[in-house]
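Worksheet: the structure to be examined is printed underneath.
Values in this text are rule-based calculations from the coordinates and carry no lab data. As the structure is a prediction and not an experimental result, all values here were calculated from the model. Quick reminder, even Gly has a Cβ in these numbers, built from the backbone with ideal geometry, and neighbours come from all protein chains shown.
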Amino acid sequence: MNIRTLNKHMLLTTMVAAGVILTAACSGGAPEAVEISVNVMGEAMDPGTIRVKQNDMVTLKIDAEESGEFHLHGYDIEQDIDEDEVAHFYFVADATGRYRITFHPSSEAEDEMKDKKGDHGHDVKEEGNGHGEIFMSEVLETGDSYSFLVADNFENQTIPFHSHLHSEVSGSITISHDAPESESVTIQIKGLLAHPNEVSVRPGTNIIWTNEDVVSHMMISGLHTDAEQDHDEEKDDHDEHAEHADGEEIDLGFLEVRPR
């Protein structure tokens, strides 16, 4: 083989290799429609960790041995599951991270507790401080803002808030006529923290959250589900079975959404 033929052969080989690399790179960039079969058995699910990529259109085909409520935290999606049929649980995996999956089994005890408590297990007398009862933003990308106008009827109350996608971002708003007078108060989200994380305002003040973080956030009133569970466990950690009887969540596993 002469030099000219060898050079042509090497050039052709390089072009083919580049094409393969380009094709592989492009093939991983588009969101996919993903179907995953999930079996819920007692206090566990198979697979224990569901793994998808960001922006995948996911359908979980859930087969549970008992009826209840399947709950994907972070995305805050819930669906009733019937033991006699496979449920199709659909969502778009637009937020990356690792999220808890829990299950609320149906029972007579749980139904009795629902008569006494709100949808998320709070006492009725704690109206307004429940999960998302007062406000809930859309998903805030970097640079986005969300505002909430404090109404007069919230005077003398303290409203906790958190990022539904990152539980470490949390804080509280205290409403009082003794607070400094201001038309608006800005809370910056950066470094997975709220700055400031505690504010005192008067009724009629506009609270503005701005996302200056590198990750997405969704601002929502109330305690994060993890904080609620920790609080309940402090009261009931001596009796795990009592927790289930009171309608507590059963941890099944996790969803992992990886960047593309």
Under 5 Å between amide H atoms, partner at least 5 residues away or on a different chain: which partners does residue 69 have, H built in plane at 1.01 Å? 81, 104, 106
Fewest to most neighbouring Cβ within 10 Å: what's the order for 257, 169? 257, 169
Using the eigenvalues of the Cα gyration tensor, what equivalent ellipsoid semi-axes result for region 132-221 when each is taken as the square root of five times the eigenvalue, whole Å, largest first? 22, 12, 11
Of all beta bridges DSSP finds with both residues in region 156-202, what is the antiparallel percent, to the nearest 5? 65 percent
Using the Karplus curve 6.51 cos²θ - 1.76 cosθ + 1.60 with θ = phi - 60°, work out ³J(HN,Hα) for each residue of region 149-164 in order, rounded to whole Hz, and write x for Gly and Pro. 8, 6, 7, 4, 6, 8, 4, 6, 10, 10, 9, x, 9, 7, 8, 5
From the phi of every residue in region 171-187, what ³J(HN,Hα) in whole Hz does the Karplus formula 6.51 cos²θ - 1.76 cosθ + 1.60 yield, where θ is phi - 60° and glycine or proline is x? x, 8, 10, 9, 10, 7, 6, 7, 6, x, 7, 7, 6, 8, 10, 9, 10
Please give the contour-minus-distance gain from residue 260 to residue 85: 0.36 nm per residue of separation, less the Cα-Cα distance, rounded to one decimal in nm. 59.7 nm
Most exposed to least, judged by fewest other Cβ atoms within 10 Å, 60, 149 sort to 149, 60
Counted charge near residue 215, where neighbours are those whose Cβ lies closer than 13 Å (Asp, Glu -1; Lys, Arg +1): -4
Report relative contact order for region 132-221 in percent, whole number only (criteria: Cα-Cα under 8 Å, sequence separation at least 6). 43 percent
Vicinal HN-Hα couplings computed from phi for region 29-46 (Karplus, 6.51 cos²θ - 1.76 cosθ + 1.60; Hz; Gly/Pro x): x, 8, x, 10, 8, 10, 10, 10, 7, 10, 9, 9, 10, x, 10, 8, 9, 10
